[in-house]
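The values are calculated or read from the model by the stated rules, or taken from the named source; none is laboratory data. Since the structure is predicted, the reported quantities are computational estimates derived from the model, not experimental observations. Cβ atoms come from the backbone with ideal geometry, glycine included; neighbour counts cover every protein chain shown.
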Amino acid sequence: MNNPALIAIAAALCLLSCVAAALSMGLATGKAVEAIARQPEASGKITTALLIGLGLTESAAIYGFVSALILVFTKM
């Protein structure tokens, strides 16, 4: 079952996690900037929570990207 069209669709579905991660990272960063603008004294705690969240989100995007690469290069 080496249908290139199905493999391309599967890889595109894997890459949806990258798109979702990019959108959520932008949203989280914007909200963190707003929070720091409202409470500058809490910037350390906000930045720490933001960086932990961005790291977890980025790892999900990397897993999706690696899955797509594995699909493309091992099945075609």
Seminar exercise, completed: Only one of Ser43, Ser17 is at negative phi, of a type outside the set (Asp, Glu) and in contact with a Phe, Trp or Tyr (Cβ under 9 Å, 6 or more places away or on another chain), namely Ser17
For this session: Test Ala28 against the stated conditions and say whether it is surrounded by 14 or more Cβ atoms within 10 Å (Cβ to Cβ), more than 24 Å from Cys14 (Cα to Cα), modelled with pLDDT of 95 or more and in contact with a helix residue (DSSP H, G or I) (Cβ under 8 Å, 6 or more places away or on another chain).
Result: no
For this session: Any chance you could count how many residues in segment 31-76 are surrounded by 13 or more Cβ atoms within 10 Å (Cβ to Cβ) and either assigned to a loop (DSSP other than H, G, I, E, B) or aromatic (Phe, Trp, Tyr) (or both)?
Result: 2
Problem set entry | Scope segment 26-68; condition under 28 Å from Ile7 (Cβ atoms), among the aliphatic types (A, V, I, L, M) and in contact (Cβ under 8 Å) with a residue 12 or more places away in the chain; matching residues | Ala60, Ala61, Ala68
Seminar exercise, completed: If we keep only residues of segment 43-63 that are aliphatic (A, V, I, L, M) and under 13 Å from Thr29 (Cα atoms), then the residue farthest from the chain's Cα centre (by Cα) is Ile46
For this session: Just give me the residues in segment 2-20 being polar (S, T, N, Q), touching a residue at least 24 places away in the same chain (Cβ under 8 Å) and over 16 Å from Val66 (Cβ atoms), in sequence order.
Result: Asn2
